[in-house]
Amino acid sequence: MYRQKLYASLKQLFKKNTMAEAAPSSSGAPSSSPGASNSIPDEETNGTYDCNICLDIAKDTVVTFCGHLFCWPCLHQWLSTRPDRQMCPVCKAGISKEKVIPIYGRGSTDNKDPREKLPPRPSAQRSEPENNSSFGNFNMGNLQFSFGIGAFPFTFFASNFNLGDARPGNPSAGTQQHQEERVLSQIFLFVAMFFAIWLIIA
Amino acid sequence: MANIAAQRIQREFREVIKSEEVAKCHIKLELKNDEYTELKGEIAGPPDTPYDGGVFQLDIIIPETYPFNPPKVKFITKIWHPNISSVTGAICLDILKDQWAAAMTLRTVLLSLQALLSAAEPDDPQDAVVARQYKEQQSVFRQTAKHWTYIYAKGPHREAELEAKVSQLRGMGFEEHKARVALSTCDWNIQRATDHLIS
């Protein structure tokens, strides 16, 4: 709906067409609305910014590195239809989710798109001017190292000695579920012990 | 999704109607139902080919997942071509299979099929019999294709010699199309064609 309004105002701007007043009230049904009769001449004059897949004015616009324009929902569906062959629908150049550039026109931020369930457009890439990649890498390695050792005993204790138990109560003794859980917990304990011993030896 | 398919076909339909190829009677497109799921295409046989002057009708079915998957296209008009089945009309063309791209349209599909009639790919055949003839006996192939175009696609070039052979087999009690297929398959050798029909 918003798009149609935008489209209508564009029409007013460029064509100074008084007919455009009818378009904002259109309900989206192309067959019956008064805007439908206008849409045919519009296509002739204004196809430059049409999505190459739905052939409509592109919404959530993205452009590929090879320069072809699409709606992001259309392009995403194309890419997910053939995950093994990711190519531009127009020129068959190799493309991928990471290799498309979103286009942000003025007024696109307050565009409340009803189809939020679709995957969001890939974000634009913006590289920082100074290069500090070596520092970043060092930080990363350090973090991973401390996590690997630090997390182990907590999870071990938490899972095997039921510290701070917030789980549902144990099933009453004698039931089959009780039996199964006992066996399971023994298996997990055994695996955990084995892992601990293996860590010490290694 | 059916919605995007129908919307796109509407646009494409208008595009084809307005295109200059339609103006020159090279291609044609008709709707078969109001849901934009079935269409009838028509292409003119390209000049300097055995199909010159013929008009070939196509059956086009738009899948619900269009344009992310190609339309299903086959020939209604019988045709003698290495990449088109002489029996079913099924087409072997990469863009109707794995080389389909969502930016292609019915117009480009029809034009591609026209190009296929000009340039066959005998190494990737749909009809092995035709492909063999195309590779081994080019002149017989051209004659046969011309004859089929005349009979089934309103082509202008009569092949009187081939017609006589068909009527000869008809005189023997064989059905006309079956006789034509047998003769075409056996490079217009009457003896072999008769054996082929009997076996």
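Descriptive notes on the structure:
- Listed residue pairs exceeding 25 Å between alpha carbons, taken from B:Lys32/B:Lys154; B:Lys40/B:Lys146; A:Lys92/B:Lys40; B:Lys32/B:Lys97: A:Lys92/B:Lys40
- Cα→Cβ-extended label distance, 7 Å offset, between A:Ser80 and B:Glu136, nm: 5.1 nm
- Peptide A:85-95 is shielded by partner chain Cβ atoms: per residue, an average of 2 of them sit within 10 Å of its Cβ.
- Amide proton proximity set for A:Met87, modelled H, under 5 Å, gap of 5+: A:Ile95
- Computed E for A:Glu180/A:Ile200 - FRET, C-beta separation, R0 22 angstrom, nearest 0.05: 0.10
- Rounded if a/c under 1.5, otherwise prolate or oblate - region B:124-167, Cα gyration tensor axes: prolate
- ³J(HN,Hα), Karplus 6.51/-1.76/1.60, whole Hz, each residue of region B:127-143, x for Gly, Pro: 10, 5, 5, 5, 4, 5, 5, 4, 7, 9, 9, 3, 5, 5, 4, 4, 4
- For chain B, the longest site-free run once trypsin sites (Lys or Arg not before Pro) in DSSP loop states with at most 15 other Cβ atoms within 10 Å are removed: B:33-96
- With N counted as the residues of region B:2-118, its alpha-carbon radius of gyration over 2.2 N^0.38 Å works out to 1.00.
- Across region B:128-198, the volume of the C-alpha convex hull divided among the residues equals 83 Å³ per residue.
- Calculated mean residue ellipticity at 222 nm for chain B: -13500 deg cm²/dmol, from DSSP H runs with n ≥ 4 weighted as -39500 (n - 2.57), summed, divided by the residue count and rounded to 500.
- With the alpha-carbon atoms of chain B aligned to their principal axes, the span from lowest to highest coordinate is 56, 31, 29 Å, starting with the largest.
- Chain B: angle of helix B:106-118 to the longest principal axis, Cα-based, in degrees nearest 10: 20 degrees
Read-outs throughout are calculated quantities, based only on the coordinates presented, and are distinct from any laboratory measurement. Every value quoted in this text rests on a predicted model; they were computed, and no experiment measured them. Every residue, glycine as well, gets a Cβ built from its backbone with ideal geometry; the counts of neighbours run over all protein chains shown.
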